[in-house]
Amino acid sequence: MPAALDLLRSVFGYAGFRGAQAEVVDHLVAGHDALVLMPTGGGKSLCYQIPALMRPGCGIVVSPLIALMQDQVDALMQAGVRAAFVNSSQDFETAAATERRLLAGELDLLYVAPERLMTERFLLLLDRLAAAGKLALFAIDEAHCVSQWGHDFRPEYLQLSALAERFPRVPRIALTATADSLTQGEIRSRLGLAAARTFVASFDRPNIRYTVVPRGTGQPRKQLQDFLAEHRNEAGIVYCLSRKKVDETANWLAGLGVTALPYHAGMSAEDRRENQQRFVRTDAVVMVATIAFGMGIDKPDVRFVAHLDLPKSLEAYYQETGRAGRDGEPAEAWMTYGLNDVVVHGMRIDESSAPEEQKRIERQKSNAMLAYCETAGCRRTVLLNYFGETTAACGNCDTCLDPPQLWDGTVAAQKLLSAALRTGQRFGAGHLIDVLRGRQSEKVAQFGHDKLPTFGVGAEFDDAGWRAVARQLLAAGLLHADAQRHGGLTLTEAARPVLKGEATLMLRRQAQGRRAPRRDASVQRADDPLFQALRAWRADLAREQGVPAYVILHDKTLRELADAKPDSPAALLRIGGIGEAKAARYGAALLEVIAAA
């Protein structure tokens, strides 16, 4: 595919395609539909950008995130691609001028929000393009937003099925970084892509280290502080479940001297926009956010993603952690969670007004998330297996680096199950632990639970030990947090053989929490004068142009420049990420910085 390779090299500055990219490009250029599942940072954008440049006319990219269209368009314009966007943030004259450019054949790619795309006025514009043979393709980014059972459902995405009926000769490509088999089926069905060829790249992000730790009683902030101490002066995201927790955590981190900003749906649109721009365009900012933040974030140098609460599903967790290390450099996904997270998730599902089938699926997703947290095996193996991919132990997660031991927890499980049963299956873990440890709390005395046979039989474990047992019984499906009983732990049918002594149960003993050193402690290259000089030059340029620094050149490109020290325009073009437009625009300045170092 020489034409595609030529474009890849001359426009984007890369020597060759990765993985299935070449196949996807070839398929789309030939006029066929595609569904592409590729991890964040895997190069999804090139799968439609190059075909849009090769096919006659303009490619229309459907994106759900107005705030990020500008950065995506800026990056394309830096590479010499004629790109623009149309969304509700623009005034009428600006949008009208862009539409005139579209009709005049002056655009290669146009980014548009789904609600704007599906207006009759805009569809009539596309009719005119299609009639003239000037509609290159439709690219539907973040396609999992069509899933009504997913974590990022956008109702406006359901209307996009009309594109297949209205423009049957225009190829369509749907792209997502996260979709289990159920979500893939929904994408096909709801977007009219039943006949589309599916391209599935490996979901593995080997540069990300996964770590999960139980939330310490009264010390979750200390746990986060210790983790962030290893990521000083680095960009990262801290996810919290509630808006209140976001605000409190951001204020607390700011008090520690961390440049931390909040982001959640309760803030004004202007404040959210300002904080997002600071995160994207400034080095070493930590964004503390709810899941309202992050989808489509292109910032390549996010070095960590931390979760202070349990995500609802492995799809959500995978997508959120995937915002780290898009540049391929070492990054960390760190999470702390507690028994209460599991109970709250279960109660929210039970109390929702969703149909029973949807509740069943959400419980399955929640159980899979908990099983990931409580696994004694490789976390990456569990994560990838959820997406239908088989892999060996990775050697780059906490359970590989510091393997937990297994122990026969049958007797402990019997004690906790018996305590739940004898107290009427209507109390939470805290009360059951009081009973097991023989604590004379007010509630224990009130209900006479100090007279039960199980009172005081669990002195061998402290509170943390019993909470670990309870979490694992929930993960194994032997206990259920019943919303009808205000989160009381009830026994399931699966508990019967363990309680009767007909089955044994192996539990994981918490590892010692030893952390292996980071694989690359010099990601920032603080000791490399040329690299720092190139970063300073890029920062000045980014401020002048009002764009994120990575839009000009990625850190990875700067590192390659610092290593190779090119001394001519021809040598510059051999550096990954520098195409002809960037070489023409910045080549002389780059050579000057390199020569002066």
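Please verify whether V86 is modelled with pLDDT of 95 or more and on the phi < 0 side of the Ramachandran plot, treating the condition exactly as stated. For V86, the condition - modelled with pLDDT of 95 or more and on the phi < 0 side of the Ramachandran plot - is not met.
The condition of being under 16 Å from the mean Cα position of the chain (by Cα), under 23 Å from G59 (Cα atoms) and either among the aromatic types (F, W, Y) or in a strand (DSSP E or B) (or both) does not hold for L137. Where helices (runs of 4 or more DSSP H) fall entirely within the range 161-260, those with at least 1 residues that are surrounded by fewer than 21 Cβ atoms within 10 Å (Cβ to Cβ), among the hydrophobic types (A, V, I, L, M, F, W, C) and at pLDDT below 90 are at 181-191.
Note on the range 285-332: residues that are within 20 Å of K44 (Cα to Cα) and not hydrophobic (A, V, I, L, M, F, W, C) total 19.
Regarding L107, is this residue free of Cβ contacts under 8 Å to residues at least 60 places away in the same chain, among the aliphatic types (A, V, I, L, M), within 23 Å of A581 (Cβ to Cβ) and not in a loop (DSSP other than H, G, I, E, B)? When the stated conditions are applied, L107 does not pass them. Summed over the range 20-34, the residues that are in contact with a strand residue (DSSP E or B) (Cβ under 6 Å, 6 or more places away or on another chain) and buried (at least 23 other Cβ atoms within 10 Å of the Cβ) give a count of 3.
Listed by position, the helices (runs of 4 or more DSSP H) enclosed by the range 390-439 that each have at least 1 residues that are over 38 Å from the mean Cα position of the chain (by Cα) are 410-422, 429-436. Just so you know, in the range 556-597 the residues that are assigned to a loop (DSSP other than H, G, I, E, B) and among the basic types (K, R) include one that is farthest from A533 (Cα to Cα), and it is R574.
The values are calculated or read from the model by the stated rules, or taken from the named source; none is laboratory data. None of the values given here were measured: they were computed from a predicted structure. Quick reminder, even Gly has a Cβ in these numbers, built from the backbone with ideal geometry, and neighbours come from all protein chains shown.
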